[in-house]
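Here's the structure we're looking at; comments come further down.
The values are calculated or read from the model by the stated rules, or taken from the named source; none is laboratory data. This structure is a prediction, so every number in the text was calculated from the model and none was measured. Here Cβ is always computed from backbone atoms with ideal geometry, including for glycine, and neighbour counts include all displayed protein chains. Note: areas computed on protein heavy atoms with side chains; ligands, DNA, RNA excluded. Shrake-Rupley method; radii C 1.70, N 1.55, O 1.52, S 1.80 Å.
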Amino acid sequence: MEQKRIHEIPECAFEFHGHRCPAMPLGYLAGKYALKLLGIEKEKDTNTYVFSETGDEHHQGCFDDGVQAATGCTYGKGNYKRLQYGKMAIIVYKPGKGAVRIRPKPEILDGCSKFEFFKYRKSGIPASQVPREVSDEVINYVLSKDFEELFYYEFLKDFTYSSPKKTMARIVCDDCGEPTYENHIKIFNGKRLCPRCYEIERNKR
Ligand SMILES: [Zn+2]
Ligand SMILES: [Zn+2]
């Protein structure tokens with residue numbers, strides 16, 4: 001079945017993610033849709049937040065990589081948080097602009113599962129080793145649907161969040177001598193310690 005792509009995923013997103021799978025593009029489009037609904041641009045700094053409802057232990061990280069690539073909210077910058085609910089859904093929030101929750105429609109997830117790509121995956125073949133035409137087939141399925149076909153969304157009226165205060169001050173740990181951001185320093189027997197040295201000292205007792 002020939003499917004016409006109506007979205008494009010930048011190659012750098014695949015490059016960053018490492019392989020070609022349908023969940024990363026799905027996350028990318030979820031992020032794009034959230035930006036569109038909130039009327040905001042991709043975040044350059046840290047003034048937009050993503051709360052992802054995925055969990056560490058599921059095959060959902062692919063979705064998160066796509067969301068990060070689209071929104072500019074990243075794990076590294078600290079404006080991407082996992083809520084550990086085990087669901088494929090995101091809340092995108094920008095103070096003053098509001099919050100929107102996006103989730104792929106279950107029939108889209110089921111639709112993806114029917115493709116040959118998942119036969120490979122279920123037989124233990126890593127996504128990077130699935131033949132390109134097989135992965136492209138399921139990716140094209142995602143890219144051929146418009147936002148309304150792919151996702152449900154809901155504006156969260158009372159949603160609010162303020163990030164903890166950030167520090168730029170470092171203190172040298174009294175044991176290992178390594179600079180440590182001050183909010184992680186712990187005091188033990190009058191010494192200022194990094195978390196690792198603190199654990200070591202504490203276990204000596
Ligand atoms: Zn992936
Ligand atoms: Zn230390």
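The condition (being small (Gly, Ala, Ser), closer than 24 Å to Tyr80 by Cβ and away from ligand 2 (no atom under 15 Å from the Cβ)) is satisfied by just one residue among Ser128, Ser144, Ser123, Ser135: Ser128. Within the stretch 123-145, being assigned to a loop (DSSP other than H, G, I, E, B), surrounded by fewer than 16 Cβ atoms within 10 Å (Cβ to Cβ) and within 15 Å of ligand 1 (Cβ to nearest atom) holds for Ile125, Pro126. Of Thr54, Thr74, all but one fail to be farther than 20 Å from Val134 by Cβ, crowded, with 19+ Cβ neighbours inside 10 Å, free of Cβ contacts under 8 Å to residues at least 60 places away in the same chain and in the same structural domain as Ser144 (by TED's automatic domain parsing); the exception is Thr54.
So that you can scan it fast, the table gives a plain yes or no per residue for (1) under 19 Å from Cys73 (Cα atoms); (2) surrounded by 13 or more Cβ atoms within 10 Å (Cβ to Cβ):
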position: Gly86; (1), (2): no, no
position: Ala89; (1), (2): yes, yes
position: Gly96; (1), (2): yes, no
position: Lys105; (1), (2): no, yes
position: Asp110; (1), (2): no, no
position: Ser113; (1), (2): no, yes
position: Phe118; (1), (2): no, yes
position: Arg121; (1), (2): no, yes
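Put simply, of Glu154, Glu178, Glu199 the only residue that is open to solvent by 50 Å² or more (accessible area, probe 1.4 Å) and under 30 Å from Arg20 (Cα atoms) is Glu154.
Here Gly39 passes the criteria (1) surrounded by fewer than 21 Cβ atoms within 10 Å (Cβ to Cβ); (2) farther than 21 Å from Glu154 by Cβ except the one numbered (2).
Only one entry in Ile91, Ile125, Ile102 is of a type in the set (A, V, I, L, M) and farther than 21 Å from Tyr152 by Cβ, namely Ile125. Got at least one residue in the stretch 146-159 being in contact with a helix residue (DSSP H, G or I) (Cβ under 7 Å, 6 or more places away or on another chain), without any contact (Cβ under 8 Å) to a residue 24 or more places away in the chain, more than 16 Å from ligand 1 (Cβ to nearest atom) and in a loop (DSSP other than H, G, I, E, B)? Within the stretch 146-159 (the criterion being in contact with a helix residue (DSSP H, G or I) (Cβ under 7 Å, 6 or more places away or on another chain), without any contact (Cβ under 8 Å) to a residue 24 or more places away in the chain, more than 16 Å from ligand 1 (Cβ to nearest atom) and in a loop (DSSP other than H, G, I, E, B)), the answer is no, since none of the residues qualifies. Could you look through the stretch 5-37, keep only residues that are assigned to a loop (DSSP other than H, G, I, E, B) and under 16 Å from Cys112 (Cα atoms), and pick out the one that is farthest from ligand 1 (Cβ to nearest atom)? Checking each candidate, the answer is Arg5. Against the numbered list (1) within 16 Å of ligand 2 (Cβ to nearest atom); (2) among the basic types (Lys, Arg); (3) assigned by TED's automatic domain parsing to the domain that holds Asp110, Arg196 comes up short only at (3). The number of residues in the stretch 42-85 being within 13 Å of Gly31 (Cα to Cα) and not in a helix (DSSP H, G or I) comes to 11.
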